[in-house]
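Just below is one structure, and these are the notes that go with it.
Just so you know, all these numbers are worked out from the coordinates, no wet-lab data involved. Only a predicted model underlies this, so the values are computations on that prediction, with no experimental measurement involved. So basically every Cβ, Gly included, is an ideal-geometry build from the backbone, and we count neighbours across all protein chains shown.
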Amino acid sequence: MATSSSVTHLQAPLWQLLQATAGVAQAVHHGRSMTAAIEQVPKDLRPGVQALSFQAMRWWGRAVALRKLLARKAPPASADALLCTALALSWRDDLAPYAVHTLVNQAVEAARRHKDMRAQAPFVNACLRRFLRERDALLLATDKEVTAQWNHPSWWVKRVQHDHPDQWTAILEAAQSAAPMTLRVNQQHHTAADYLAALQEQGIAGKLVSTAGMPSGVQLDKAVPVHLLPGFAQGHVSVQDAAAQWAAPLLLKGLQAAGPSLRLLDACAAPGGKTGHLLECAPTAQVLALDVDPQRCERIQQNVDRLQVQAQIVAADAADTAKWWDGQLFDGILLDAPCTASGIGRRHPDVRWLRRETDVQQLAAIQAKLLKALWPLVKPGGRLLYCTCSVFRAEGETQIQTFVQHNTDALILPSPGHLTPSNVISEISLRDNDMGEHDGFYYALLEKRSI
Ligand SMILES: C[S@@+](CC[C@H](N)C(=O)[O-])C[C@H]1O[C@@H](n2cnc3c(N)ncnc32)[C@H](O)[C@@H]1O
C-alpha cells in the first residue's frame, strides 16, 4: 500500500519501479547525473521512478552502510544497486514510501524478474529478511558511521563542519527534504502580490517571498505543472529558487543610474534563468549571454523567447576573451560560475555521490580563471557579481578574499555572502530571513575602483 501522496497515482507494479530505480542508482554510481538517467526510463514509469530515486539518493549513505553489514562482499553491481535501493527506501518506517514489508517483497520480486539479477534473488531475499528481523540492531551499528548518519560522503561532511561550524548540521539536514517550488514573478506584468492573488483564484496556494528586501516571488505550498501557472507561456512567471532570485537585483541596484543602455555580460548563462531576470528588471539593457556548452545555449534562447526579451547569445568559453570580446567594457558582469552545486542538495540529491573531493579545488581553479579573465572587462565604476550555488567556502568567501588580495582595484560592496540553505525544519536564522525556503548560494558584489 502506498503511504506517500507522490506515488499513489502510479499504475505500474512496484517491482518494476524498483528495478528501474535501481538502474538509475547504478547509473549515478557510474558517474551519470540522476536527471539524465531518469530521462532514459520509459515514460510511464518516469514519475514513480523519479519520486523513488530522489528518496533513495537522499538515504544512500545509510543504505550502503546497512548493506555492508548484511553482506561483507558486495553482490554483482545490479543486485547491489537493488538491495541498496530497497534499504534506502525502507530503513525508517516514517519515511518509507510504501509499507516496509511490501517494499521488501517487491524488491525480491524485482530481482526474480530481472535476467541479470535472477540468480541473486535468494541472496537479496535473505539480506532483506535479515534486515527486517534485526533492523534496530543494524541501525544502531550504522549510526556510528559518518556517511550513514549524515547521508553525505565523509569528506563532504568534514568540509561543511569546517566551513560552517555553527550551521553544519542544519546545512546537511536541509539536503534531506524536498525543496519547494518557488516562482519569480515578472515585474513587467504583475506585482508578486497580484500574481499570488491570481494563483489563489486558480486554487493554487502559496506565499510571498522576498529577495533583496523586495517581495518578488511566490513559494507554492505544493508543486504544480508549469502549464497550470497563469501566464507561464507568455513569460509572466518563471520557476526559480529564492536564493537564485537575488542575482539580478544585486547586480543592477547600483548600476541603473548609469543610464538605460547598460552593457551587461552574463558569462555562464545557461539555461538562462538569471539572463531572463536581468532583462525583466532592465528591459533596455544590452545583454550578452555566454555559455561554453552550445546545447545549453539553446535553452537560454528558449527562455528569453518565452519571456519575450532580447539577448545576444554566444557559445564560447568566457575565459577565452580573445575569441568573443569586441573590446567594449561592460557596466556589469554576472559570473554565475560552474561549481560543485553543494548548495542545491535538496533539488539534486545525487550530486553529493557524484562529486569527488578533488573536484572542489579543480572547480575553484576554474572559477579563479574566469574571475581573472573577466575582471579587466569591467568598466571603472562598474560591477561584477560573483555567485555559486555552493556552501563550500573554497568556492565562495575564500575565492573572493584571494581575488581582492590580488586585485587592489576590486572593492567588495555589501553582499549576502554565504546564504546557507534553509527549509521548514531548519532553525537557521538568516540575515535576510524573509526569503522563505531557499537553496545554498554565495554572492559577492565587486566594484571596480576608478584609480
Ligand atoms: C551554474 S550554471 C549557470 C546557471 C545560469 N546562470 C542560470 O541562472 O540559469 C553554470 C554554467 O556555466 C557554464 N560554463 C562552465 N564553464 C564555462 C566557461 N568557461 N565559459 C562559459 N560558460 C561556462 C556551464 O555550461 C553552465 O551552464
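Restricting attention to segment 253-278, report how many residues are more than 13 Å from the ligand (Cβ to nearest atom) and in a loop (DSSP other than H, G, I, E, B).
Result for segment 253-278: 7.
Scan segment 143-171 for residues that are among the hydrophobic types (A, V, I, L, M, F, W, C) and without any contact (Cβ under 8 Å) to a residue 60 or more places away in the chain and report the count. Talk me through it step by step, then tell me what you get.
Applying the first criterion (among the hydrophobic types (A, V, I, L, M, F, W, C)) to segment 143-171 yields 146, 148, 150, 155-157, 160, 168, 170-171.
Checking the rest, the ones that are also without any contact (Cβ under 8 Å) to a residue 60 or more places away in the chain come to 146, 157, 168.
So the answer is 3.
If GLN188 satisfies all but one of (1) under 25 Å from CYS297 (Cβ atoms); (2) surrounded by 19 or more Cβ atoms within 10 Å (Cβ to Cβ); (3) of a type outside the set (Lys, Arg); (4) more than 16 Å from the ligand (Cβ to nearest atom), what's the number of the condition it fails?
(2) is the only condition that GLN188 fails.
Filter segment 299-321 down to the residues that are among the aliphatic types (A, V, I, L, M) and without any contact (Cβ under 8 Å) to a residue 60 or more places away in the chain and list them by number.
Within segment 299-321, ILE300, VAL304, ALA311, ILE313, VAL314, ALA315, ALA316, ALA318, ALA319 qualify.
I'm checking my understanding of the structure. Among residues of segment 304-336 that are more than 10 Å from the ligand (Cβ to nearest atom) and of a type in the set (Phe, Trp, Tyr), which one is surrounded by the fewest Cβ atoms within 10 Å (Cβ to Cβ)? It would help to see each step written out before you state the result.
If we filter segment 304-336 for residues that are more than 10 Å from the ligand (Cβ to nearest atom), which is where we start, we get 304-313, 321-323, 325-333.
Narrowing further to those that are of a type in the set (Phe, Trp, Tyr): 325, 330.
Working: TRP325: 19, PHE330: 22.
Only one residue tops the list, namely TRP325.
Looking at segment 362-389, which of its residues are buried (at least 16 other Cβ atoms within 10 Å of the Cβ) and charged (D, E, K, R)?
Those that are buried (at least 16 other Cβ atoms within 10 Å of the Cβ) and charged (D, E, K, R): LYS379, ARG383.
Between LEU199, LEU172, LEU250, LEU208, which is outside any helix (DSSP H, G or I) and either of a type outside the set (D, E, K, R) or within 16 Å of the ligand (Cβ to nearest atom) (or both)? Spell out the reasoning first.
Values: LEU199 fails: outside any helix (DSSP H, G or I); LEU172 fails: outside any helix (DSSP H, G or I); LEU250 fails: outside any helix (DSSP H, G or I).
So the residue among LEU199, LEU172, LEU250, LEU208 that is outside any helix (DSSP H, G or I) and either of a type outside the set (D, E, K, R) or within 16 Å of the ligand (Cβ to nearest atom) (or both) is LEU208.
I need a count of the residues in segment 148-162 that are farther than 15 Å from TRP91 by Cα and surrounded by fewer than 22 Cβ atoms within 10 Å (Cβ to Cβ).
Selection size over segment 148-162: 8.
In segment 176-185, what residues are buried (at least 21 other Cβ atoms within 10 Å of the Cβ) and either in contact with a His (Cβ under 7 Å, 6 or more places away or on another chain) or polar (S, T, N, Q) (or both)?
Answer for segment 176-185, where residues must be buried (at least 21 other Cβ atoms within 10 Å of the Cβ) and either in contact with a His (Cβ under 7 Å, 6 or more places away or on another chain) or polar (S, T, N, Q) (or both): THR182, ARG184.
Is at least one residue of segment 279-292 more than 8 Å from the ligand (Cβ to nearest atom), under 23 Å from ALA315 (Cα atoms) and either assigned to a helix (DSSP H, G or I) or of a type in the set (Asp, Glu) (or both)?
Yes: one or more hits.
Would you pick out the residues in segment 282-312 that are hydrophobic (A, V, I, L, M, F, W, C) and over 24 Å from the mean Cα position of the chain (by Cα)?
Residues of segment 282-312 hydrophobic (A, V, I, L, M, F, W, C): 282, 285, 287-290, 292, 297, 300, 304, 307, 309, 311.
Hits for segment 282-312 are ALA282, ALA285, VAL287, LEU288, VAL309, ALA311.
Which of the residues that make up segment 54-77 are surrounded by 21 or more Cβ atoms within 10 Å (Cβ to Cβ) and free of Cβ contacts under 8 Å to residues at least 60 places away in the same chain?
Here is the first cut: in segment 54-77, the ones surrounded by 21 or more Cβ atoms within 10 Å (Cβ to Cβ) are 55-67.
Listed by number, the residues that qualify are GLN55, ALA56, ALA63.
Among the residues of segment 273-298, write down those that are in contact (Cβ under 8 Å) with a residue 24 or more places away in the chain and either surrounded by fewer than 16 Cβ atoms within 10 Å (Cβ to Cβ) or touching a Phe, Trp or Tyr at 6+ places or on another chain (Cβ under 9 Å) (or both). Even if it seems obvious, please write down each step before you answer.
Step one: of segment 273-298, the residues in contact (Cβ under 8 Å) with a residue 24 or more places away in the chain are 273-292, 296-297.
Passing the criteria: PRO283, THR284, LEU288, LEU290, ARG296.
Applying the selection to segment 337-389, what residues are more than 15 Å from the ligand (Cβ to nearest atom) and in a strand (DSSP E or B)?
VAL378, LYS379, PRO380, GLY381, GLY382, ARG383 - these are the residues of segment 337-389 that are more than 15 Å from the ligand (Cβ to nearest atom) and in a strand (DSSP E or B).
Out of ASP331, ASP326, report the one residue that is on the phi < 0 side of the Ramachandran plot, part of a strand (DSSP E or B) and of a type in the set (Asp, Glu).
On the way: ASP326 fails: part of a strand (DSSP E or B).
Testing whether each residue is on the phi < 0 side of the Ramachandran plot, part of a strand (DSSP E or B) and of a type in the set (Asp, Glu) leaves just ASP331.
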